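Please read the structure below before turning to the comments.
The values are calculated or read from the model by the stated rules, or taken from the named source; none is laboratory data. It should be emphasised that the depicted structure is a prediction, and the values quoted were computed from it without experimental measurement. Glycine also receives a Cβ, built like all others from the backbone with ideal geometry; neighbour counts cover every protein chain displayed. Note: areas computed on protein heavy atoms with side chains; ligands, DNA, RNA excluded. Shrake-Rupley method; radii C 1.70, N 1.55, O 1.52, S 1.80 Å.
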Amino acid sequence: MKTSVVIVGGGPSGLLLSQLLHTKGIESIVLERKTKEYVLGRIRAGVLETGLVKLMEEAGCAERLHAEGFVHDGTQIAFGEEFFRVDFTALTGTPVVVYGQTEVTRDLYEARERAGGVIDYDVENVVIHDVDTSNPFVTYSVDGEERRIDCDFVAGCDGFHGVSRKTIPADVRKEYEKAYPFGWLGVLSETPPVHEELIYANSERGFALCSMRNEQLSRYYIQCSLSDDPDDWSDEDFWKELKLRIPSHYAEQLVTGPAIEKSIAPLRSFVTEPMRWGRLFLCGDAAHIVPPTGAKGLNTAASDVHYLYNGLKEFYLDGSESGIDAYSENALRRVWKAERFSWWFSSLMHRYPDQTPFDLRIQTAELAFLGSNEAAQKAMAENYVGLPY
Ligand code: RFL
Ligand code: PHB
């Protein structure tokens with residue numbers, strides 16, 4: 001088999017890149033380790049920056065997002081019993097859209113299928129070969145059958161645990177990492193959201209987040225210990241703990257119900273450099289991870305796709321390599337800003353096991369500053385709605 005771009009990973013990055021390339025007549029094949037049902041069963045991001053919404057429009061996949069997504073002009077930040085609102089639209093002219101990653105992925109799968117795009121599911125043993133030459137190829141197996149695809153480029157969109165990053169020789173790669181001493185316990189429940197906007201809460205019992213997918217589907221998170229097991233948390237214990245972490249004004253209105261999904265995600269900051277090695281380009285979680293506090297993971301994956309798509313478009317349509325040559329530098333410049341914001345917002349909103357009374361006073365002062373200072377709110381809002389590409 002032969003194609004222009006082999007895309008390893010059929011998550012949001014890989015599918016979006018494949019669909020965007022298709023709009024310019026550039027062929028690709030997507031290789032996904034899991035089944036489509038498995039990928040669509042993962043509950044992840046919920047907040048989309050305008051940049052991602054525009055890419056979905058360009059990919060011809062934004063119809064349902066516009067019909068069913070919720071435009072949010074701001075968010076609530078709570079601290080103990082106090083809370084204030086950051087008005088994104090007033091401060092930056094830009095809102096965010098609440099629309100689940102599951103739905104983004106579903107829309108992209110449907111578009112690829114409508115266009116007759118090739119996605120191989122259940123692939124095993126993916127090996128990326130010769131990306132340091134001009135004739136790379138990828139081998140893999142499906143149902144025990146060995147396959148080979150020759151290509152011009154390989155896009156590594158296979159997430160944090162994929163093979164693409166590890167294909168770059170260890171002496172070329174530089175990795176930066178920070179692990180946080182806690183995780184998030186997330187619950188999805190078929191209940192109306194407690195408030196029409198998200199609530200990020202710092203409480204003495206730890207962080208909590210009230211989010212949503214639609215009017216009848218809520219997504220809540222609480223900071224938990226890394227040694228916790230989701231099965232140790234009964235629904236009752238979860239709701240009790242959540243109510244203790246948000247201002248009573250909201251806790252009194254919270255509608256509880258059975259959890260239809262419950263999982264724990266550790267918090268991590270990670271970046272690998274460079275994001276390109278020869279004809280291999282890393283995109284999204286394959287190259288970087290952010291703690292979810294700033295809602296930047298999927299959105300940063302989308303900005304990578306933007307730079308790579310435009311670079312490949314220039315290569316195939318104009319015969320210029322300047323876009324792909326600048327890919328790693330351009331993508332990383334924005335990635336590090338998202339890393340900084342996610343680290344800052346995580347540090348502001350969580351309780352740390354080793355936090356000293358001094359650290360706590362500084363955190364309190366920073367929240368008070370954010371709550372009362374328009375310039376601080378503007379800086380937060382600009383980052384939250386997404387820095388320009
Ligand atoms: P993904 O989604 O991990 O997809 C990678 C795909 O590659 C496949 N794969 C392979 N395929 C073939 N061969 C191999 N060897 C392979 N190895 C792996 C995998 O099966 C998978 O299908 O990476 P991608 O596409 O880069 O997308 C990144 C996003 O998924 C991620 O950044 C976000 O979900 C992060 N995130 C959030 N981001 C936001 O922008 N806003 C949010 O509100 C937000 N909330 C979250 C989040 C992530 C969370 N968790 C669980 C990590 C909330 C949570 C709880
Ligand atoms: C979510 O709805 O899953 C979500 C929203 C905002 C975040 C993280 C996760 O910062």
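Numbers at a glance
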read-out: Qualifying residue in segment 219-241 (condition: out of contact with any Phe, Trp or Tyr (no Cβ under 7 Å at 6 or more places or on another chain), open to solvent by 10 Å² or more (accessible area, probe 1.4 Å) and of a type in the set (A, V, I, L, M)); value: no
read-out: Enumeration of residues in segment 307-334 that are within 16 Å of ligand 1 (Cβ to nearest atom) and crowded, with 23+ Cβ neighbours inside 10 Å; value: TYR307, LEU308, TYR309, ALA331
read-out: For ALA259: the one exception among (1) within 15 Å of ligand 2 (Cβ to nearest atom); (2) under 30 Å from ILE168 (Cβ atoms); (3) of a type outside the set (Lys, Arg); value: (2)
read-out: Enumerated strands (runs of 3 or more DSSP E) restricted to segment 20-100, each holding at least 3 residues that are away from ligand 2 (no atom under 15 Å from the Cβ) and open to solvent by less than 40 Å² (accessible area, probe 1.4 Å); value: 28-31
read-out: PRO353, sole failed condition from (1) within 15 Å of the chain's Cα centre (by Cα); (2) open to solvent by 90 Å² or more (accessible area, probe 1.4 Å); value: (1)
read-out: Flag if ARG106 is within 30 Å of MET212 (Cβ to Cβ) and open to solvent by 60 Å² or more (accessible area, probe 1.4 Å); value: yes
read-out: Some residue of segment 249-258 being at pLDDT 95 or above, part of a strand (DSSP E or B) and either buried (at least 19 other Cβ atoms within 10 Å of the Cβ) or touching a strand residue (DSSP E or B) at 6+ places or on another chain (Cβ under 9 Å) (or both); value: no
read-out: Residue that is at pLDDT below 95, within 30 Å of LEU244 (Cα to Cα) and among the small types (Gly, Ala, Ser), where the choices are GLY74, GLY69, GLY46, GLY80; value: GLY46
read-out: Which numbered condition ILE222 fails, given (1) in contact with a Lys or Arg (Cβ under 8 Å, 6 or more places away or on another chain); (2) more than 17 Å from ALA45 (Cα to Cα); value: (2)
read-out: Evaluation of PHE270 against (1) within 12 Å of ligand 1 (Cβ to nearest atom); (2) farther than 20 Å from THR50 by Cβ; (3) assigned to a helix (DSSP H, G or I) (one fails), failing number; value: (3)
